[in-house]
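The values are calculated or read from the model by the stated rules, or taken from the named source; none is laboratory data. The structure displayed is predicted, hence computed values, not measured ones. Glycine gets a Cβ as well: all are built from the backbone with ideal geometry, and neighbour counts include every protein chain shown.
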Amino acid sequence: MSERPRYYLTTSIAYANNRPGLHTLYEVIGADAMARWHRMGGDDTRFLTGTDEYSVNIATTAAERGLAPKAFVDEMVALFRTADAALGIAPDRFIRTTDPDHQRAVHEVIRRCYANGDLYPGTYEGWYCPNEGFRAVSDLIEDAAGFHCPNHPHVTLQWLSEQNWFFRLSKYQAPLERHFAEHPDWVEPEYRRNEMLGFIRGGLEDFSASRQNATWGIPFPILPDGSSALRSDDTWDPAAGTVYVWFDALINYITGAGFPDDPAAFEQWWPADLHVIGKDINRLHTVMWPAMLMSAGIALPRKVWVHGHLTLQGEKMSKSRGYFLDPMDMVKSLGTDGTRYVALREVPFDRDADVTWDSFVRRYNADLANDYGNLLNRTLTMTGRYLDGARPEPTADGRLAAAWPAALTAYESAFGACLLHDALGALWEFVGAANRAVDAEQPWVLAKAAKAGDAAADTALRGVLGDLLEACRLIAFAAAPFMPTAAAEAAHQLGLEYAYGADGNGGPPLRDLLAWGAAPVGGKVGTPSPLFPRLETESVEP
RNA sequence: GGCGGAGUAGCUCAGUGGUAGAGCAGGGGACUCAUAAGCCCUUGGUCGGUGGUUCAAAUCCGCCCUCCGCUACCA
């Protein structure tokens, strides 16, 4: 087993009922950048993402399209995988809840919870909207005619009851409160933690862990009398019902770590260091999931990070209503790295943000084309023209050498706090410093004097260009978790080796490369070519 | 309704007692290595409203207005 520190992080699994939008993949891009940061940093890293594929809704949607549920989700999952690839997302495993090992994991968790007395047969009753399923009374509209679903006001609601297995969440109120108290930063940002703590303190009800009549789901492995639902012909008795999606979906995180098939792997990877999730599923991850794990006797994840949502022109993204950004279209216009950058720079990772296509293009042009890409381009052009491409060494006492340590510290600190937008902001402060240094030092003036025989000017010129090349190198490598392809290309143009693989593994510990002056001595720079071509707003449409 | 958060320049936000800030967008300028990019300067705000505390309030307190989050069986 490896001696390196290990790091296991996950995204939530995407509901495979439609093709993916940027609002869904935003989280995966962020987690992928984090995974790369750890891989490049030398950690033994495992990054899990995937799809949530069961549920009554998916079975219904599949039927509407005339497909078997599995054929339908296969189609959706292919779209997710294509989009992931286009965005440069490199999971160590793409998990699907329809994977066979996930069913084994779910069954094992259920057996453990049952053995612990936390699963019992009961009856669930409530208002049922044929289009949306059971609805909380607080979500319904009440008028003289009775209750109505807010989204389907003309559909008659039914009062239904069904026989379900229940999970004894009520038993875990005190243990959860204790866990929140003893691990104050286990849910972040803090306001998200407080919301859930408030929810827990308000009292917890048991929740359904199975559905009686849903067939598209993992078979529930236990019959109401406690006997196994596995029949002699090796099939599961449908009378036991299926596992409720929200009970099975969360378990993917341990399936993906090797539970229960590979105890050695599970020992290595669990507990997860980080679950990256969206605010809409906070309760599932920070109330239900830890209770399930406690019941099954499994350690709790170390941290849950709750990011915000993207809205498009003030509207919740929704494909059917036209408020939708297709990541594939973005990649077409902004490139893989451009899309990753603007998504993570323009949307604060700790709260909601409204985005527009224009805001992305503006950000791309300002930060990538104008500031960073142009910095690299002008630096390389001057090195080629004034020094015949020979790469001079950076100085130890220039203004950029002095500015770098603080920039790196701010970058790492924001990254460690999951504030990815702030990390990029800190790095781009340094990009600005490098651009200001060009104008302050005026290498073209130095070059003219050097050509006329001024030895001091020649020394100064080499120092300035050495510093600028070093700044470009540091920016490229530091930004590599966000923009891996551009980092490799920038290194190539700088005449430097880029030893990391496509997923960020391999290569030296990134921290070693991020020291001022860590560049190899000597050599020549390559041919400059615009890294991020400038976009004209008018000619680019999503 | 309850609990929590927020309202500051066109946009996104920083600023917790001492004469209003940043980035982007807009305007002007000098330069020229560069992706007509970069750099310098600059327009622009009764800091949601109102009443108080204080020598002094965006900043503290009261009330009001607006917006947002959480408030369990879609996930």
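Numbers for the structure displayed
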{"read-out": "Complete set of residues in region A:187-216 that are aliphatic (A, V, I, L, M) and more than 9 Å from RNA strand B (Cβ to nearest atom)", "value": "A:187, A:197"}
{"read-out": "Unmet criterion (only one of (1) in a helix (DSSP H, G or I); (2) within 24 Å of the chain's Cα centre (by Cα); (3) over 21 Å from residue A:535 (Cα atoms)) for residue A:386", "value": "(2)"}
{"read-out": "Region A:423-445, residues that are of a type outside the set (Phe, Trp, Tyr) and touching a residue at least 60 places away in the same chain (Cβ under 8 Å)", "value": "A:424, A:425, A:431, A:432, A:435, A:438, A:443"}
{"read-out": "Among (1) within 14 Å of the chain's Cα centre (by Cα); (2) in a loop (DSSP other than H, G, I, E, B) - the single one residue A:42 does not satisfy", "value": "(1)"}
{"read-out": "Residue in region A:449-468 that is buried (at least 24 other Cβ atoms within 10 Å of the Cβ), within 16 Å of RNA strand B (Cβ to nearest atom) and closer than 24 Å to residue A:424 by Cβ present", "value": "yes"}
{"read-out": "Residue list for region A:1-39, restricted to those being within 11 Å of the chain's Cα centre (by Cα) and assigned to a loop (DSSP other than H, G, I, E, B)", "value": "A:12, A:13"}
{"read-out": "Which numbered condition residue A:401 misses (of (1) surrounded by 20 or more Cβ atoms within 10 Å (Cβ to Cβ); (2) in contact with a helix residue (DSSP H, G or I) (Cβ under 8 Å, 6 or more places away or on another chain))", "value": "(1)"}
{"read-out": "Number of positions in region A:11-48 that are away from RNA strand B (no atom under 14 Å from the Cβ), in contact (Cβ under 8 Å) with a residue 40 or more places away in the chain and within 30 Å of residue A:512 (Cβ to Cβ)", "value": "19"}
{"read-out": "Odd one out for residue A:244 among (1) among the hydroxyl-bearing types (Ser, Thr, Tyr); (2) closer than 30 Å to residue A:276 by Cβ; (3) in contact with a helix residue (DSSP H, G or I) (Cβ under 9 Å, 6 or more places away or on another chain)", "value": "(3)"}
{"read-out": "Residue in region A:313-321 that is under 26 Å from residue A:430 (Cα atoms) and in contact with a Phe, Trp or Tyr (Cβ under 8 Å, 6 or more places away or on another chain) present", "value": "no"}
{"read-out": "Residue list for region A:81-124, restricted to those being on the phi > 0 side of the Ramachandran plot and surrounded by fewer than 19 Cβ atoms within 10 Å (Cβ to Cβ)", "value": "A:117"}
{"read-out": "Exclusive hit being closer than 26 Å to residue A:447 by Cα and not in a loop (DSSP other than H, G, I, E, B), set A:486, A:519, A:471", "value": "A:471"}
{"read-out": "Residue match in region A:347-357 (condition: more than 10 Å from RNA strand B (Cβ to nearest atom) and either within 23 Å of residue A:277 (Cα to Cα) or assigned to a loop (DSSP other than H, G, I, E, B) (or both))", "value": "yes"}
{"read-out": "Only one of A:99, A:52, A:74, A:92 that is in contact with a Lys or Arg (Cβ under 8 Å, 6 or more places away or on another chain) and either assigned by TED's automatic domain parsing to the domain that holds residue A:171 or farther than 24 Å from residue A:261 by Cα (or both)", "value": "A:92"}
{"read-out": "Residue match in region A:63-82 (condition: away from RNA strand B (no atom under 16 Å from the Cβ) and touching a residue at least 40 places away in the same chain (Cβ under 8 Å))", "value": "yes"}
{"read-out": "Test: residue in region A:304-313 that is of a type outside the set (Ser, Thr, Tyr), modelled with pLDDT of 95 or more, assigned by TED's automatic domain parsing to the domain that holds residue A:253 and away from RNA strand B (no atom under 13 Å from the Cβ)", "value": "yes"}
{"read-out": "Flag for residue A:341 being buried (at least 20 other Cβ atoms within 10 Å of the Cβ), outside the structural domain of residue A:420 (by TED's automatic domain parsing), more than 7 Å from RNA strand B (Cβ to nearest atom) and closer than 27 Å to residue A:90 by Cβ", "value": "yes"}
{"read-out": "From A:239, A:272, residue being within 26 Å of residue A:16 (Cα to Cα), outside any strand (DSSP E or B) and of a type in the set (Gly, Ala, Ser)", "value": "A:272"}
{"read-out": "Residue check for residue A:335: surrounded by fewer than 20 Cβ atoms within 10 Å (Cβ to Cβ), in contact (Cβ under 8 Å) with a residue 60 or more places away in the chain and not basic (Lys, Arg)", "value": "no"}
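Conditions (1) more than 16 Å from RNA strand B (Cβ to nearest atom); (2) outside any helix (DSSP H, G or I); (3) assigned by TED's automatic domain parsing to the domain that holds residue A:491, marked per residue:
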| site | (1), (2), (3) |
| --- | --- |
| A:366 | no, no, yes |
| A:369 | no, no, yes |
| A:376 | no, no, yes |
| A:380 | no, no, yes |
| A:392 | no, yes, yes |
| A:403 | no, no, yes |
| A:408 | yes, no, yes |
